[in-house]
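Student: Got a structure here, written out as structure tokens. Questions coming.
The values are calculated or read from the model by the stated rules, or taken from the named source; none is laboratory data. Since the structure is predicted, the reported quantities are computational estimates derived from the model, not experimental observations. Cβ coordinates were reconstructed from backbone atoms using ideal geometry, including for glycine residues, and neighbour counts include every protein chain displayed. All accessible areas refer to the heavy atoms of the entire protein, side chains included, with ligands and DNA or RNA removed. Shrake-Rupley method; radii C 1.70, N 1.55, O 1.52, S 1.80 Å.
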Amino acid sequence: MVPLLRASLATVLSAAAAISALPALAASGDGTALSARLQQALNSDDRVQALSGLMAQDQATTLIDRFRRFSMRFPETRWAVRPGQPLADGRPTVKLAVSGTRQQDGLSYSFKAKQRLALSTEAGLITDQEVLSDQSVLTSASKPLPISLMIPDTVLTGSRYDVDVVVDQPLGKALLAGGLTPVTAQQVLVQESPDVQLEPLGGGGLFKSVQAPFQPGVQTWAALLVHPDGVITVSKRVQVVDDREQLTP
């Protein structure tokens with residue numbers, strides 16, 4: 001994989017790791033108050049300082065360092081946080097969305113990500129989190145390259161499902177290349193870029209059929225699309241469950 005593609009993949013995995021840490025930074029309350037406090041901190045002028053004020057002391061070093069690395073890559077970001085529907089077990093959920101841009105080496109990078117989490121609280125602090133859905137998209141292009149991700153949030157153990165990344169605008173005579181690879185939790189945590197084997201693509205995007213493992217857990221996928229106007233990098237987390245009632249509508 002060429003350095004630009006590896007750098008793009010490292011950036012999107014870095015963002016996934018940083019965003020996954022964020023809910024543990026906030027003091028608890030009801031879902032609406034929690035969402036408002038977290039959104040205010042993330043959009044403040046000094047985000048690191050604001051987040052530090054919401055964190056438990058024993059969590060500060062690792063989580064703030066991770067968020068600081070992400071902020072160095074994308075210093076100009078806009079965050080939206082809102083409460084979601086509580087789960088059947090009573091845990092509140094939070095939905096986060098972030099977008100940002102940066103310029104580097106003559107290229108314009110655009111980043112978007114969203115995540116849904118279930119939270120556990122005790123004594124006014126968030127004590128645990130469960131990622132229910134998570135996806136990130138990074139583009140480096142001379143002009144916008146809108147795409148649609150057609151990837152489920154949850155799948156049944158052992159089932160086959162589609163991982164589709166579709167370029168929304170007509171391609172004309174443009175040619176696409178791309179590839180898909182699984183990513184381990186450790187690779188996300190340390191921001192390690194896996195190798196992605198690129199191949200010619202037809203039909204306006206990447207269309208793959210994959211199989212879920214036979215045990216409940218998580219699958220994370222990284223996809224790359226190379227377009228004449230730039231590179232699209234995608235990270236998507238899929239929850240694997242063994243109960244149909246746990247499938248996301």
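Student: Could you list, in sequence order, the residues of segment 196-221 that are under 16 Å from L138 (Cα atoms) and either in contact with a helix residue (DSSP H, G or I) (Cβ under 6 Å, 6 or more places away or on another chain) or at pLDDT below 90 (or both)?
Tutor: V196, G205, listed by residue number.
Student: Mind checking which pairs have a first residue in segment 98-113 that is within 13 Å of R73 (Cα to Cα) and a second that is open to solvent by 40 Å² or more (accessible area, probe 1.4 Å) and not polar (S, T, N, Q), Cβ under 6 Å, 6 or more apart or different chains?
Tutor: Listed pairs, sorted by first residue: S99/R78; S99/K112; G100/E76; Y109/R102.
Student: Considering P170, P194, which residue is of a type outside the set (A, V, I, L, M, F, W, C), open to solvent by less than 20 Å² (accessible area, probe 1.4 Å) and assigned to a loop (DSSP other than H, G, I, E, B)?
Tutor: P194
Student: Quick one: L96 ticks every box in (1) under 23 Å from F207 (Cα atoms); (2) at pLDDT 85 or above; (3) in contact with a helix residue (DSSP H, G or I) (Cβ under 7 Å, 6 or more places away or on another chain) bar one, so which box is it?
Tutor: (1) is the only condition that L96 fails.
Student: Name the residue that is most open to solvent (accessible area, probe 1.4 Å), counting only residues in segment 174-191 that are without any contact (Cβ under 8 Å) to a residue 60 or more places away in the chain and farther than 19 Å from P146 by Cβ.
Tutor: Per the criteria, the residue is Q186.
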